[in-house]
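Report on one structure; see the data block that follows.
The values are calculated or read from the model by the stated rules, or taken from the named source; none is laboratory data. Predicted model only: the values in this text are computed from it and were never measured. Neighbour counts are summed over all protein chains in view; Cβ atoms, including those assigned to glycine, are modelled from backbone coordinates with ideal geometry. What goes into the accessible areas is simple: the full protein's heavy atoms, side chains included, and nothing from ligands, DNA or RNA. Shrake-Rupley method; radii C 1.70, N 1.55, O 1.52, S 1.80 Å.
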Amino acid sequence: MAGLKHFLLRVLTTLLLLAVPVLGVWTFVKAEEWGLWFPPIVSSYGAGIDNLFYVILWMVTVTFVGTELLLVWFVFRYSKRDPTRAVYTHGNHTLELVWTAIPALLMIFVAFSQMEAWSDVKLNFPEEGPYTVEKPLMEVYASQFDWRVRYPDAQGNFQGADVIEVPYDITVPADTKVVFRLKSRDVLHSFFVPVFRLKQDAVPGMEIPVWFEATQPGDYDLICAELCGWGHYKMAGRIHVLPKDEFDTWLAAKRAALYATE
Amino acid sequence: MSTHAPAAPHAARPLGIDPPGTVHTTHEHHELGFVRKYIFSTDHKVIGLQFLFTGLVMLLFGGLMAMAIRWQLAYPWTEMPVLGRLLFPETGGVTTPEGYTMLFTMHGTLMIFFVIIPLLTGTFGNYLIPLMIGAPDMAFPRLNMLGYWFWWPGIACILISFGAEGGGPAAGWTSYPPLSTIEAAAPGSNWGQNWWLLSLTFVGVSSMMGAVNYVTTIVKMRAPGMTFFRLPLSIWGLLIAALLQLFALPVLTAASFMQLFDRVFDAGFFTPTGVVINGTSPETLGNAAGGHPLLWQHLFWFYSHPAVYILVVPAMGFVSDILAVHARKPIFGYKPMAYSMAGIAGLGFIVWGHHMFMSGMNPSVGLVFMTATLMIALPSAVKVFNWLGTLWGARIQLTSAMLFALSFVSMFIIGGLSGIWMASTPVDIYIHDTYIIVAHFHYVVFAGSVMAIFGAIYHWFPKMFGRAMNETLGKIHFVGTFVFLNGVFYMMHQLGLAGLMRRTADPYAYETYAHLQPVNEFISLCAFALLFWQVFFVLNFFGSMVWGKRVGRNPWNAASLEWEAPSPPGHGNFDRQLAVHHGPYEYGVPDAPRDFVPQTQRLPT
Ligand code: HEM
Ligand SMILES: [Cu+2]
Ligand SMILES: [Cu+2]
């Protein structure tokens, strides 16, 4: 009777611990089907970022499954009633070296493999093309609890009567390296466009240059990703990516409308 | 011999530290009234238990806040049963947007500063350090008592902040300025934020008193023969956590005062120039300017990253001890285990920037922080491999304590591995501040540290109360907790990959998140079940104090020193002379009469 109870406890514990890698991997496999996976990629650098995620995903999965299965096996195997004593060992120097060195190499590999993608997004701004850090397409302002975009006048000035200011809707050209300045009027906010794989905090007192190249015309969510107060949850914006020529027409029409009302 | 006789190591007391005997002599002790014995006690064991009871009550509070958060995420803007009317009477029990921001701010603050740190260091630090190193009490018993009582003004301030004008603090447990420094920016940035800052300061003072005590006691009061490398890993964990506190806490305290000065005296450390809120510039309202918001983030994370290791390193120690005892096998790689804890702590001081990759900090600096952070995965990996090594060839006894310790290993693997994604700057661009971060830190802090605390309670309860906890109830408690906690936290990874932001009261208004409600509902139901399941723990905990099976000194056949003392130990802890001959993990020793050799006995030659 006591033997049966002990056996059931062993089996139950083993199954519980086994469920971790099994369900853990299964929910990741199913996630895409359930709509719990990355949104589509609509930026030039999005694929690079996702690939790095997948490289790490493989590394992590192998380690996760391997270590969890070892744990499961040890727990099942060595919880058997056994009147003899445990293996009497205080460790093994070679093993310690091996299992320090292998993860060290892997981590160095991970570190180096990230640097290029990070530099692409955050450090290497377009130097030619229509928009650069000195001559950005627009300024994006965050404030409690909305987004505003300002397009400069025809001379590139962000001050003056001819500046176009639009709340909520941010219109940009497709297939163009767009550079903009991110600002905040009040507290911290964060400019997050999931389909671009782009996030950058907006900091009052700072003008942070940001760039992206949208690859697909369409309308996408802009989400505030830094707590900014009670209305944080509804601080939404919308990115409208227009084909390049349509964008030029749109901007020209905006300017014309502005002059017409003056 | 009376159990209250001063322990023998008094004679060998180093450095002329006031022996606890000078506070209570054996003689006086019997005359101590209830107040001196159970309330303003200087006995480390009583203080440890005070931290335990208070911490568990705070855990309940923090847990209830979590339930309120989960209700809102599952069924936004609907009437919350039970808790709703208490928290939001003016809306008939419906969460308000500012109420939601207050809830997660308080939940995080309570759990980190009032639950995990006090339970790990306050409770077990106090209870275990003197017993495990063979000392009669802490080096500074009065300071120790003060440490507990300085916690109470902290608790009082945080409770007052709930009812403060404008409402409780609502800028997150990270309290980033200017949201936290400008009153007009949020209702909670009124007096609520001042109380929050004061509360943190008191808690910090309390932790500091504890830390000074733990370090001094461990360094100066070890029993004869107890060298550093004969200390149980719990003590290593507690020592390292105390050192982290000593070096990091002053920075938080200073930063909190700077924020308080910004708020009260318009000092202008963190509030930048030119801020306009709701059309009015706070400068015209009298707020200072000229500061930089990122300065706070640097100072805050310089403390709070080491602090997250304070939240786990002692737990790693407890788990190592529990594993060795209940696996009847020496710890695999004792020195690598101690060094890796030290490594985690040391590296922990140069990685704070990984919380700021998107903050506007110079992106080149991000690369340095990324590399340092990835290096922290190494000591974490070393620990996992050594725990597995400990289980290999063991004779595992599936006690409740052991089940919790095993689950710690299983869960820490998840929390550690997700850290690699976040450390990788390009990947973090997407996942920063999403639910995958929430999953990560709950796997390390809840599935890790809280489970380790439960394990430690089951393991050391017999020492604390002289009675064992009920094993059947313990196992029921374990199974439900393990299942529901994974139900709560695992799918948060996938939510994060879908892009779901944390701290969002009602995400479903976004096209991107509209389809996520069913998953959140599932998570919330698991969360309610998880809280409910703790009934089994509460019943067992209190029931066993009264009806638990009486135990002797050493119910687990463990080798470390605390099991040499009576259960529960009397004043002065030990009733016999102690001399330590070897490390604390001599299990399965061949040729020994029993399968373990206590530290006070010689190993067979
Ligand atoms: C393998 C080791 C670990 C690595 C590489 C790691 C890495 C990271 C990184 C990079 C972040 C920031 C992510 C972001 O905000 O975008 C983070 C957040 C966090 N980590 Fe870890 N971590 C590790 C272990 C731990 C442990 C052991 C704990 C606690 C016991 C912990 C607690 C936290 C907490 C609380 C946060 C979130 C703080 C907040 O934003 O509120 N981490 N971790
Ligand atoms: Cu926001
Ligand atoms: Cu950190």
Checklist entry - If a residue has to be of a type in the set (Val, Ile, Thr) and more than 8 Å from chain B (Cβ to nearest Cβ) to count, how many in segment A:215-231 make the cut? => result 1
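Yes/no per residue for (1) in a helix (DSSP H, G or I); (2) open to solvent by 10 Å² or more (accessible area, probe 1.4 Å); (3) basic (Lys, Arg); (4) under 27 Å from B:Gly210 (Cβ atoms):
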| site | (1), (2), (3), (4) |
| --- | --- |
| B:Val115 | yes, no, no, yes |
| B:Thr121 | yes, yes, no, yes |
| B:Leu128 | yes, no, no, yes |
| B:Asp137 | no, no, no, yes |
| B:Ile160 | yes, yes, no, yes |
| B:Ala164 | no, yes, no, no |
| B:Ser175 | no, no, no, yes |
| B:Pro178 | no, no, no, no |
| B:Trp196 | yes, no, no, yes |
Checklist entry - With respect to the numbered conditions (1) within 9 Å of another protein chain (Cβ to nearest Cβ); (2) within 16 Å of ligand 1 (Cβ to nearest atom), which one is the sole condition not fulfilled by A:Arg185? => result (2)
Checklist entry - How many residues does segment B:404-446 contain that are more than 9 Å from chain A (Cβ to nearest Cβ), over 20 Å from the mean Cα position of the chain (by Cα) and within 8 Å of ligand 1 (Cβ to nearest atom)? => result 1
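Taking segment A:29-47 as the region of interest, how many residues are more than 7 Å from chain B (Cβ to nearest Cβ) and outside any loop (DSSP other than H, G, I, E, B)?
5
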Item to check | Filter result (at pLDDT 75 or above and surrounded by fewer than 21 Cβ atoms within 10 Å (Cβ to Cβ)) within segment B:279-298 | outcome: B:Ala289, B:Gly290, B:His292, B:Leu295, B:His298
Item to check | Identity of the residue in segment A:201-225, free of Cβ contacts under 8 Å to residues at least 24 places away in the same chain and either more than 16 Å from ligand 2 (Cβ to nearest atom) or open to solvent by 10 Å² or more (accessible area, probe 1.4 Å) (or both), that ends up farthest from A:Leu182 (Cα to Cα) | outcome: A:Asp219
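Among B:Phe489, B:Phe465, which is among the aromatic types (Phe, Trp, Tyr) and either surrounded by fewer than 24 Cβ atoms within 10 Å (Cβ to Cβ) or more than 20 Å from the chain's Cα centre (by Cα) (or both)?
Result: B:Phe465 is the single residue among B:Phe489, B:Phe465 that is among the aromatic types (Phe, Trp, Tyr) and either surrounded by fewer than 24 Cβ atoms within 10 Å (Cβ to Cβ) or more than 20 Å from the chain's Cα centre (by Cα) (or both).
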Checklist outcome for this item: Checking B:Ala401, B:Ala452, B:Ala377, B:Ala381 in turn, the sole residue that is open to solvent by less than 10 Å² (accessible area, probe 1.4 Å), within 16 Å of ligand 1 (Cβ to nearest atom) and of a type outside the set (S, T, N, Q) turns out to be B:Ala452
Next on the checklist: As an exercise: evaluate B:Ser359 against (1) within 16 Å of ligand 2 (Cβ to nearest atom); (2) touching a Phe, Trp or Tyr at 6+ places or on another chain (Cβ under 6 Å) and give the number of the one condition it does not meet.
Outcome noted: (2)
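Please work out if A:Ala236 is crowded, with 17+ Cβ neighbours inside 10 Å and either within 14 Å of chain B (Cβ to nearest Cβ) or hydrophobic (A, V, I, L, M, F, W, C) (or both).
Numbers: crowded, with 17+ Cβ neighbours inside 10 Å: yes; either within 14 Å of chain B (Cβ to nearest Cβ) or hydrophobic (A, V, I, L, M, F, W, C) (or both): yes.
For A:Ala236, the condition - crowded, with 17+ Cβ neighbours inside 10 Å and either within 14 Å of chain B (Cβ to nearest Cβ) or hydrophobic (A, V, I, L, M, F, W, C) (or both) - is met.
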Item to check | Residues satisfying the stated conditions in segment B:350-368, i.e. open to solvent by 20 Å² or more (accessible area, probe 1.4 Å) and in a helix (DSSP H, G or I) | outcome: B:Ile350, B:Trp352, B:His354, B:His355, B:Pro363, B:Ser364, B:Val365, B:Leu367, B:Val368
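Consider B:Pro363 carefully, then state whether it is facing another protein chain (nearest Cβ under 9 Å) and within 17 Å of B:Val444 (Cα to Cα).
Working: facing another protein chain (nearest Cβ under 9 Å): yes; within 17 Å of B:Val444 (Cα to Cα): no.
No: the conditions fail for B:Pro363.
Could you tell me which of the residues B:Leu323, B:Leu374, B:Leu347 is in contact with a helix residue (DSSP H, G or I) (Cβ under 6 Å, 6 or more places away or on another chain), assigned to a helix (DSSP H, G or I) and facing chain A (nearest Cβ under 8 Å)?
Values: B:Leu323 fails: facing chain A (nearest Cβ under 8 Å); B:Leu347 fails: facing chain A (nearest Cβ under 8 Å).
Going through B:Leu323, B:Leu374, B:Leu347 in turn, the sole match is B:Leu374.
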Checklist entry - Condition test on B:Ser207, is it within 16 Å of ligand 2 (Cβ to nearest atom) and among the hydroxyl-bearing types (Ser, Thr, Tyr)? => result no
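The rows are residues; the columns are (1) of a type in the set (A, V, I, L, M, F, W, C); (2) touching a Pro at 6+ places or on another chain (Cβ under 7 Å).
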site: A:Gly129; (1), (2): no, no
site: A:Ala142; (1), (2): yes, no
site: A:Gln155; (1), (2): no, no
site: A:Gln159; (1), (2): no, no
site: A:Ile170; (1), (2): yes, no
site: A:Val178; (1), (2): yes, no
site: A:Ser184; (1), (2): no, yes
site: A:His189; (1), (2): no, no
Next on the checklist: What's the number of the only condition in (1) more than 9 Å from chain A (Cβ to nearest Cβ); (2) in contact (Cβ under 8 Å) with a residue 12 or more places away in the chain; (3) of a type outside the set (Lys, Arg) that B:Val535 fails to meet?
Outcome noted: (2)
Item to check | In segment B:585-599, the residues that are within 16 Å of B:Arg553 (Cβ to Cβ) and either without any contact (Cβ under 8 Å) to a residue 60 or more places away in the chain or in a loop (DSSP other than H, G, I, E, B) (or both) | outcome: B:Arg594, B:Val597, B:Pro598, B:Gln599
Checklist entry - Looking at B:Phe541, B:Phe532, which one is open to solvent by 30 Å² or more (accessible area, probe 1.4 Å), at pLDDT 95 or above and out of contact with any Ser or Thr (no Cβ under 9 Å at 6 or more places or on another chain)? => result B:Phe532
Checklist entry - Conditions: (1) more than 22 Å from B:Pro250 (Cα to Cα); (2) more than 16 Å from ligand 2 (Cβ to nearest atom); (3) touching a residue at least 12 places away in the same chain (Cβ under 8 Å). B:Thr371 meets all but one. Number of the miss? => result (3)
Checklist entry - Can you name every residue in segment A:144-199 that is open to solvent by 20 Å² or more (accessible area, probe 1.4 Å) and basic (Lys, Arg)? => result A:Arg148, A:Arg150, A:Lys177, A:Arg181, A:Lys183, A:Arg185
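Out of all the residues in segment A:78-86, is one or more among the hydroxyl-bearing types (Ser, Thr, Tyr), at the interface with chain B (Cβ under 10 Å from one of its Cβ atoms), farther than 24 Å from B:Ala377 by Cα and surrounded by fewer than 17 Cβ atoms within 10 Å (Cβ to Cβ)?
Within segment A:78-86 (the criterion being among the hydroxyl-bearing types (Ser, Thr, Tyr), at the interface with chain B (Cβ under 10 Å from one of its Cβ atoms), farther than 24 Å from B:Ala377 by Cα and surrounded by fewer than 17 Cβ atoms within 10 Å (Cβ to Cβ)), the answer is yes, since at least one residue qualifies.
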Checklist outcome for this item: Expected single match for exposed (fewer than 15 other Cβ atoms within 10 Å of the Cβ) and at the interface with chain B (Cβ under 7 Å from one of its Cβ atoms) among A:Leu97, A:Leu123, A:Leu105, A:Leu70 is A:Leu123
Checklist entry - Does segment B:265-274 contain at least one residue that is part of a helix (DSSP H, G or I), open to solvent by 10 Å² or more (accessible area, probe 1.4 Å) and in contact with a helix residue (DSSP H, G or I) (Cβ under 9 Å, 6 or more places away or on another chain)? => result no
Next on the checklist: All but one of (1) polar (S, T, N, Q); (2) surrounded by fewer than 24 Cβ atoms within 10 Å (Cβ to Cβ); (3) at pLDDT 85 or above; (4) more than 16 Å from ligand 1 (Cβ to nearest atom) hold for B:Ser304; state the number of the condition that does not hold.
Outcome noted: (4)
Checklist entry - Would you call B:Met469 on the phi < 0 side of the Ramachandran plot, more than 8 Å from chain A (Cβ to nearest Cβ) and not in a helix (DSSP H, G or I)? => result yes
